[in-house]
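Presented below is the structure to which this report refers.
The values are calculated or read from the model by the stated rules, or taken from the named source; none is laboratory data. Owing to the predicted nature of the structure, the values given are computational and were not obtained by experimental measurement. Please note: Cβ atoms are built from the backbone with ideal geometry, for glycine as well, and neighbour counts cover all protein chains shown. Each accessible area value is taken on the protein alone, full model and side chains, heavy atoms only, with ligands, DNA and RNA left out. Shrake-Rupley method; radii C 1.70, N 1.55, O 1.52, S 1.80 Å.
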Amino acid sequence: MELPNSVQKVLQTLENAGFEAWCVGGCVRDSLLGLMPGDWDVTTSALPEETMAVFGSHAFPTGLQHGTVTVRSHHESIEVTTYRVDGAYHDHRRPDSVTFTRSLTEDLRRRDFTVNAMAMSLRGELCDPFDGQADLRNGILRCVGEPDKRFGEDALRILRGLRFAATLGFAIEEKTAASIHRNRDLLREIAVERIQVELFKLLAGKNAAAILRQFPDVIGVFWPEILPMVGFDQRNRHHCYDVWEHTLHAVEAVPCDPLLRCAMLLHDIGKPSCFTMDERGVGHFYGHSAVSRDLADGMLRRLKCGNALRETIVTLVDWHDREIPRTDKGVRRALRVLGEENLRRLLHIKRGDNMGQAPEYRHRQAEIDKGKAIMERLLAEDACFSLKQLAVNGHDMLVMGLTGPAIGKTLNKLLDAVVNGEVPNEREALLKNVKEFVTENRKSCN
Ligand code: ATP
Ligand code: MG
């Protein structure tokens with residue numbers, strides 16, 4: 001794979017000045033896999049001040065204490081970091097100190113996984129002292145060095161490991177996997193914000209369900225609410241899986257979008273605490289959507305998930321068990337409450353939930369498809385379901401003599417009437433309606 005011009009320029013400039021310089025880490029891994037790297041990192045034998053001197057006004061000291069200089073090249077920013085060895089670790093998070101070295105192999109040794117511990121030169125030579133290429137070919141994620149030691153140094157690597165396995169579709173090597181299970185509690189030392197970032201990347205992975213299946217104990221360290229789902233027998237003929245297996249099938253059935261995946265992971269989180277069994281021995285979970293919604297809200301808050309993301313996920317969890325409307329009016333109402341984007345998401349959630357049911361009960365998909373077809377038609381017809389689509393606006397209400405909160409109230413009433421099919425979304429008809437409304441109000445005031 002060709003290195004981008006901006007990266008070539010940085011490597012060449014460092015080499016011309018007499019230093020070694022290599023691309024390193026994720027960008028090497030991704031280019032060997034034929035994927036487009038998200039960013040390109042460069043590692044060099046030059047000390048930070050040497051890098052600063054070589055690039056002059058194009059160099060910015062963004063992380064000097066770790067040896068990182070950001071270089072502007074062809075309008076792109078490339079992080080250039082000096083070969084480095086990490087000192088002792090005491091907090092399971094970060095080294096107490098870092099020291100610079102002139103050895104590339106020493107720098108690669110501090111990296112987390114073999115597939116992340118390769119470097120590539122300007123001429124395409126690979127430096128791969130830990131056999132990352134073989135692991136890449138075989139789809140294996142393996143620690144560089146002794147797993148217990150590596151996870152002990154920095155517990156975030158536990159979750160990074162699950163994340164890479166999920167996104168790359170790799171199997172976690174046996175000793176590495178056993179060590180992840182064994183060291184999982186060290187995750188408590190890690191900031192929740194960093195956990196949240198890794199978790200959402202994991203959930204977006206094509207193999208997220210398989211990794212969740214293998215490591216519920218790890219997720220359970222920060223989200224213990226997950227654990228009662230594992231092995232929970234539903235005692236209901238609609239379900240051929242326990243709650244956890246049902247959840248994983250549902251996760252697998254929705255697109256690789258972290259928001260949808262997270263909503264799917266949490267949609268039945270309240271089931272175990274809602275379980276009741278009737279006199280025939282059939283299991284029920286009355287009210288589980290609301291319980292799941294509240295649990296999900298708390299779980300996402302605990303990870304300091306952004307408000308908008310949390311609210312959307314919580315709404316989807318709340319709505320997951322409602323029937324998808326299959327009339328024009330019903331779909332317009334759903335659009336009014338949820339908006340197009342979230343209704344589309346809900347359709348994915350409904351489909352995922354359905355895919356996790358016993359095969360003979362998966363007929364729900366036809367109902368979902370019908371609701372979706374109605375939604376598509378209504379959207380194509382530009383049907384009105386929001387205030388900004390309404391054929392009248394606040395100014396019209398002012399002209400009609402309304403003031404203050406009455407304006408918003410009246411517009412919302414008009415929108416309800418349009419959505420319910422009682423009044424067409426036409427200016428004249430709506431204004432006539434307002435007139436009646438005003439007269440009635442006057443009457444009731446007098
Ligand atoms: P992506 O950018 O796709 O998330 P990446 O592998 O590039 O994946 P980064 O977080 O950008 O991940 O880190 C770049 C490189 O730094 C990694 O490939 C790895 O070599 C090293 N690295 C990052 N975080 C750690 C860590 N916690 N422990 C050890 N090495 C790490
Ligand atoms: Mg990266």
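Ordered by residue, what ³J(HN,Hα) values in Hz, to whole numbers, does the stretch 19-34 give under the Karplus form 6.51 cos²θ - 1.76 cosθ + 1.60, where θ = phi - 60° and Gly and Pro are x?
Here the 3J(HN,Hα) series is 9, 7, 8, 9, 6, 8, x, x, 5, 5, 3, 5, 5, 5, 7, x Hz.
How much length is gained on full extension from R93 to V337, taking 0.36 nm per residue of separation minus their Cα-Cα distance? Working shown, then result.
Values: separation 244, 0.36 × 244 = 87.84 nm, distance 4.36 nm.
Contour length minus the Cα-Cα distance gives 83.5 nm.
Treating only the Cβ atoms of Lys and Arg (+1) and Asp and Glu (-1) as charged, compute the dipole magnitude of the chain about its Cα centre; round to the nearest 20 debye.
Working: 59 positive and 63 negative charges, 262 e Å.
Dipole about the Cα centre, nearest 20: 1260 debye.
Give the distance, in whole Å, between the Cα centre of the stretch 173-234 and the Cα centre of the stretch 282-334.
Rounded to whole Å, the Cα centres lie 23 Å apart.
Across all directions of projection, what mean area in square nanometres is found for the Cα convex hull of the stretch 70-207? Could you put the intermediate results ahead of the total?
Numbers: hull surface 38.5 nm².
Over every viewing direction, the Cα hull of the stretch 70-207 projects on average to 9.6 nm².
In sequence order, what are the phi-derived ³J(HN,Hα) couplings for the stretch 102-111 according to the Karplus relation 6.51 cos²θ - 1.76 cosθ + 1.60 with θ = phi - 60°, rounded to whole Hz, with x for glycine and proline?
Once rounded to whole Hz, the list reads 9, 10, 4, 4, 4, 5, 5, 5, 7, 7.
If you count, for each residue, the other Cβ atoms within 10 Å and average over each peptide, how do 265-271, 327-333 line up from highest to lowest?
Details: 265-271: 25.7, 327-333: 17.0.
Going by the mean number of other Cβ atoms within 10 Å, highest first, we get 265-271, 327-333.
When the accessible area of the stretch 1-115 is split by element with a 1.4 Å probe, what percent falls to carbon and sulfur?
50
What does the charge dipole of the stretch 253-380 about its Cα centre add up to, to the nearest 20 debye, if the Cβ of each Lys and Arg holds +1 and the Cβ of each Asp and Glu holds -1?
On the way: 23 positive and 18 negative charges, 71 e Å.
Charge dipole of the stretch 253-380: 340 debye, to the nearest 20.
Packing-wise, with mean Cβ within 10 Å as the measure, how do 393-403, 4-14 rank, highest first?
Working: 393-403: 13.7, 4-14: 19.1.
Taking the mean over residues of other Cβ atoms within 10 Å, the ranking is 4-14, 393-403.
Along the charge dipole of the chain, Cβ charges K/R +1 and D/E -1, which of T167, T439, W223 sits furthest on the positive end?
Working it through, the farthest residue towards the positive pole turns out to be T439.
When the helix-only estimate is applied to the chain (DSSP H runs of n ≥ 4, each -39,500 (n - 2.57), divided by the residue count), what is the mean residue ellipticity at 222 nm, nearest 500 deg cm²/dmol? Intermediate results must be reported in sequence, preceding the final value.
On the way: 21 runs with 233 residues, N = 446.
Only helices count here, giving -16000 deg cm²/dmol.
Of L64, L338, which has the most accessible area and how do the rest follow, probe 1.4 Å?
Working: L64 75, L338 20 Å².
From most exposed to least exposed: L64, L338.
With θ set to phi - 60° and the Karplus curve 6.51 cos²θ - 1.76 cosθ + 1.60, what are the ³J(HN,Hα) couplings of the stretch 112-127 in order, to the nearest whole Hz, using x for Gly and Pro?
6, 10, 4, 6, 9, 10, 10, 10, 10, 8, 3, 8, x, 5, 10, 9
Mind running the shape call on the stretch 303-374? Use the C-alpha gyration tensor, a ≥ b ≥ c as the square roots of the eigenvalues: rounded below 1.5 for a/c, prolate if a/b tops b/c, oblate otherwise. Write down the numbers at each step before the final one.
Details: a/c = 2.85, a/b = 1.27, b/c = 2.25.
Note, shape of the stretch 303-374 comes out oblate.
Quick check of the Kirkwood formula: for the stretch 225-383, what is the inverse mean of 1/r over all pairs of different Cα atoms, in Å?
16.1
Collect residues whose amide H, placed 1.01 Å from N in the peptide plane, falls under 5 Å from the amide H of V98; neighbours closer than 5 in sequence don't count.
Here the answer is G87, since their amide H atoms fall under 5 Å of that of V98.
What number comes out for accessible area per residue over the chain if the probe is 1.4 Å? Units Å², please. List each step's numbers first, then the result.
Numbers: 20970 Å² over 446 residues.
Heavy-atom accessible area per residue stands at 47 Å².
On a 20 Å Cα-Cα criterion, which of the cross-link pairs K388/K409; K149/K206; K329/K370; K409/K435; K329/K372; K271/K370 come out too long?
From the list (K388/K409; K149/K206; K329/K370; K409/K435; K329/K372; K271/K370), the Cα-Cα distance tops 20 Å for K149/K206; K271/K370.
Could you state the principal axis extents of the C-alpha atoms in the chain, from the largest down, to the nearest angstrom?
Principal extents (largest minus smallest coordinate, Cα): 89, 63, 37 Å.
Averaging sequence separations of C-alpha pairs under 8 Å and six or more residues apart, then dividing by the length of the chain, give the relative contact order as a whole percent.
Dividing the mean separation by the residue count of the chain yields 8 percent.
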